[in-house]
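I have placed the structure first, in the form of structure tokens, so that the comments after it can refer back to it.
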Amino acid sequence: MAVLLGTLAAGASVALAGVSAWLIARAAERPPVLHLMVAIVAVRTFGIGRGVLRYAERLVAHDASFRVLTDLRVAVVRRWSRLSPGGTGSLGRGDLLARFVGDVDGLADLWVRVLLPAAVTVLVTLGSIVMLVVLLPAAGLVLAVSATVAMLVAPAIAVRFSSRATARLAPARGEYQQQLLTVLDGAAELSLYGALDQELSRLHSIDERARRAETRSAWGSGLGSALGMLSLGAGLVAGLIVAASAIADGRLDGPGLAVTVLLPLAVHELVALLTPAATQLPQLAASAGRLLEVLDAPDVVDEPVVPARSPTGPLGLRLHGLDVGWPDGDVLLRDLTLDVAAGEHVALVGDSGLGKSTLAATLMRFLPPKSGTVTLVGSDGSVPLSELAEADLRRAMSWCAQDAHVFDSTLAANVRLARPAADDGELGTAIATARLSEWVASRVDGLDSMVGEHGDTMSGGERQRVALARVVLSHAPVVVLDEPTEHLDDATARAVLTDMLDALSGRTVLLVTHRRDLLPPDMRVIDLGA
């Protein structure tokens, strides 16, 4: 629809130029006014139609483009959620942000400023050539040659001289975004240890590299535009020559001469848009390639084709011959076999670096086991985690990470992330269990107090308690706690852990920690380093 409306709008613009040229030249001959009425009405029609059709084409084209970009954004984020955290590879947050925002948004130009103008220009140019061939075949041939040079040769030369530089722009912007976030996030530490100037210098170096690429790209685009302008000038001169010859032979009249001169001018206004559009192709290709790196990345954990039915009732866990490690790394824990009964609380202890957090990520199916199985055991049977649908797994198991993310929202919204439908009483219980009541009481807005970006109005221990409150509020029958007392002093950690285990009574709990001294004396303890 956008191509159709764009073709009609551009055709109206070219036709307006041709009819206006004929009308002005014919009116100079002072014919009876009735001889001009059709042309006068045509000028009005094309003049009004050009604006209306162009407006409609913009609406339709941008609506279609935004719909495509919406689907693309959702697809990229969904795909990344399937890869994280085990499939992040070497991509940093800044580079990911550049892909999700800059590269996706940049692809809007592919449809609105590249494909659509190209299709419209080709169709209108072909129609204009046919019109000139009917009027004067030689003039049609001249327009065909000059338009071909401007539509094909000029863009090709522009791309040839700017493609390498343009293709480097998207990666350079991603690298710049990554370095910028590094400087912003670590500004205090960098300044404290005298490394800020060095990192700022690196940021400037990346920016300078991107600037040089943009300059080289602009030179290529300018060269192509210059060639297109030369082809227009040469075409006009050649058109005047063949038109003058036709007038001398009586094959063309004065108004026809005006048409053969002004019609190519209108056509070349459209053709001139193709060279700048073509120079964007290498950058768009690089952006598309960067997005495809995410969309085509292999699954870290395969989703079952036909998910199994989730077991019901109180749930336990069974680990058999489990080896865990990161996808491209070594095995950290080997041959782990363990049965955790429904409602049992078990501590998995070991020194830092042993692989405890990797084990927790494997239990939550963020990482695949190197070998062995993890099975969810219910009252009506058991199912390996690898055979469960993602949604069923998340309903059955909850995870408290040692560095859980806190969103720039209210405390209530952050805790309700675990169960949005929870009422105020349940929310208050969860917050009290996590020992956040004092923080709430100290704020004027209470539960509706904003916690700031990354929870920067809270201490590290308070942010950790937000994660604990989420676990309490969730109804997941199986809970994995990964170093839940991180960032807490001994007295608070012991009190919070006691309250937490009491609140999770009846649920199956795997507590991953290196703090043996905080564990209740009656708790079952598995030493992962033994």
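Just so you know, all these numbers are worked out from the coordinates, no wet-lab data involved. Everything numeric in this text was worked out from a predicted model, so none of it was measured. Cβ sites come from the backbone with ideal geometry, for glycine too, and all protein chains shown count toward neighbours.
A few points about this structure:
- Placing unit charges on the Cβ atoms of the charged side chains and taking the dipole of segment 377-476 about its Cα centre, the candidate lying farthest along the positive direction among A389, V472, G455 is V472.
- Stretch in the chain that is longest and holds no trypsin sites (Lys or Arg not before Pro) that DSSP places in a loop and that have at most 16 other beta carbons within 10 Å: 1-250
- Within-12-Å neighbourhood charge of D499 [Cβ basis; K, R +1; D, E -1]: +2
- Percent RCO, i.e. relative contact order, over segment 316-527, from Cα pairs under 8 Å lying at least 6 residues apart: 28 percent
- Modelled spin-label separation between V134 and E426, with each label point placed 7 Å from Cα along the Cα-to-Cβ direction: 7.3 nm.
- Extents of the chain, taken as max minus min of Cα coordinates on every principal axis and listed largest first, are 112, 51, 50 Å.
- Placing +1 on each Lys and Arg Cβ and -1 on each Asp and Glu Cβ, with no other charges, gives segment 90-295 a dipole about its Cα centre of roughly 420 debye.
- Whole-Hz Karplus values for segment 187-204 come out as 4, 5, 5, 5, 5, 4, 9, x, 9, 5, 4, 5, 6, 5, 5, 5, 4, 5 Hz, taken residue by residue from phi with 6.51 cos²θ - 1.76 cosθ + 1.60 and θ = phi - 60°; glycine and proline positions read x.
- Relative contact order (%) - the chain, alpha-carbon pairs under 8 angstrom, separation at least six: 15 percent
- Listed residue (V340, G446, A17) projecting farthest to the positive dipole end of the chain, Cβ model: A17
- Rounded to 5, percent antiparallel among DSSP beta bridges of the chain: 45 percent
- Which of S442, S205, S128 has the fewest Cβ neighbours within 10 Å, and the rest in rising order: S442, S205, S128
- Pairwise label distance in nanometres, A188 with A119, each label 7 Å out on the Cα-Cβ vector: 5.4 nm
- Furthest towards positive pole of dipole, V496, V76, T358, structure part the chain, Cβ charges: V76
- Likely footprinting exposure, Y55, Y176, Y193, fewest C-beta neighbours within 10 Å first: Y193, Y55, Y176
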